[in-house]
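Worksheet: one structure, shown below.
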Amino acid sequence: MNVPRSLITVDEARRMILDNSSLLPSLLLSLEQAAGLVLAEDVHAPVSVPAFHQSGMDGYALRSASLGAPIPIQGEQAAGASDRPVLRQGTAMRIFTGAPVPEGADMVVMQEKTRVENGDLIITDPSLKAGDNIRLRGSEIGEGDLSLAKGALLHAGAIGFLAGTGVAMVKAFPKPRVSIIVTGNELQEPGLKLSHGQVYEANSYALRAALKQAGINDAAVHYSPDDPETLTAVLKVALEQSDIVLMTGGVSVGDHDHTRRSAESCGVEIIFHKVKQRPGKPILFGKGNGKLLFGLPGNPASVLTCFYEYVCVALEACTGRKVQPRVVHVPIATDFKKAAGLTHFLKGYYDGVKVNALHAQESYRLSSFAMANCLIRVDESVTELRSGEEVEIHLI
């Protein structure tokens, strides 16, 4: 692929990421392992649920023909009972929630609407009718019926439903293995003392938190100085170990910006480099041996903006799970002006009615991101927004 020589638009960049991303090969996993993943094939119920006519409550099983007179009590049926009793004509059987309904019974009366006198059951429910309080065999799902379709998210309810039908293993699309490479000679670990010229490293912390928000909890973090040979060696290892690599810093055109050269040295084909946006204009995207590489800017606000706007596109394409920020259109609370030519992503706060563009929009500042719950997209052709005008926001 020929890398575009001029800056591309935001939408072109997103389309190129989609065109070069695909679902990861599915894996056969236990339900516990598959929780939070997306189903890779249809699942059908191996048994009917319930597998037998089941009592819906504690009470008494009886025949509707027996209503209207004191009824002798035959015995009892507990949940989990394996015997198959037959209810004699004109009798009732004590029964508990979840227990198999005895053969011949066609209703269950709840115990609160009965009393027992001299060993006989007296029913005080005038509305009781045949079929009441019985969960019919297969009323949840029938044997062989479709339980969940391919593409379903295996959240808690889905996992519980499949377990309740006897399913133990499913095919699902796994989470990608993600590595983060942080570059820069000036970086210091939070908690340690800064020397003159150093700054605290925040990008790996922000990216790991954002990845957890997208369901990926175990991203590996690598560090490299601004040295091309070291960076190339670190990137080679990360590409071998990962499906997606996120590099931060060194993606511009300065003398110490080595990301692109290192990527090409590792066999990565550069799909695009630089997008018509602010912040995050220098972003790079490439692909090599089926692995995806994002070269993110070093400024922390740019890193998070590019993660939500681009990395999430790839994560969703690889897993089938919806992780991209939800898009809504709402009125903006204040006026805003900018020059034409670049799409702006403003850190904003949406209060459920309108959105406010926050202070500190510069790419090096995270204080506004700490309060933001959305990004406001202002397209490249737009130069002015008036208070009350509808804008597109991406909820993060």
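The values are calculated or read from the model by the stated rules, or taken from the named source; none is laboratory data. All figures in this text were calculated on a predicted structure; none of them were measured in a lab. Heads up, the Cβs are rebuilt from the backbone with ideal geometry, glycines too, and the neighbour counts pull from every protein chain shown.
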Subject >> Selection from segment 381-396 of residues that are part of a loop (DSSP other than H, G, I, E, B) and either crowded, with 19+ Cβ neighbours inside 10 Å or of a type in the set (Phe, Trp, Tyr) (or both) >> reply: ILE396
Original post:
Do we have any residue at all in segment 301-318 that's at pLDDT below 95 and surrounded by fewer than 23 Cβ atoms within 10 Å (Cβ to Cβ)?
Top reply: no
**OP:** Give segment 65-119 a look and list any residue that's buried (at least 20 other Cβ atoms within 10 Å of the Cβ) and part of a loop (DSSP other than H, G, I, E, B), or say none.
**Re:** LEU87, THR91, ALA99, VAL101, PRO102, ALA105
Original post:
Inside segment 154-164, can you point out the residues that are crowded, with 19+ Cβ neighbours inside 10 Å and under 20 Å from GLU316 (Cα atoms)?
Top reply: LEU154, ALA158
Original post:
Yes or no: ASP120 in contact (Cβ under 8 Å) with a residue 24 or more places away in the chain, touching a Ser or Thr at 6+ places or on another chain (Cβ under 7 Å) and among the acidic types (Asp, Glu)?
Top reply: no
Original post:
Considering segment 176-192 alone, what residues qualify as being touching a helix residue (DSSP H, G or I) at 6+ places or on another chain (Cβ under 6 Å) and not β-branched (Val, Ile, Thr)?
Top reply: PRO176, SER179
**OP:** Could you tell me whether any residue of segment 181-191 is free of Cβ contacts under 8 Å to residues at least 24 places away in the same chain, touching a Leu at 6+ places or on another chain (Cβ under 7 Å) and over 30 Å from LEU23 (Cα atoms)?
**Re:** yes
Subject >> Among the candidates PRO50, PRO70, PRO46, PRO25, residue that is over 29 Å from PRO102 (Cα atoms) and not polar (S, T, N, Q) >> reply: PRO25
Original post:
(1) of a type in the set (A, V, I, L, M); (2) surrounded by fewer than 19 Cβ atoms within 10 Å (Cβ to Cβ); (3) farther than 22 Å from ILE396 by Cβ; (4) in contact with a Ser or Thr (Cβ under 8 Å, 6 or more places away or on another chain): which one isn't true of LEU231, the others all being true?
Top reply: (2)
**OP:** Out of the residues in segment 120-135 that are surrounded by 14 or more Cβ atoms within 10 Å (Cβ to Cβ) and assigned to a loop (DSSP other than H, G, I, E, B), state the one that is farthest from the chain's Cα centre (by Cα).
**Re:** ASP125
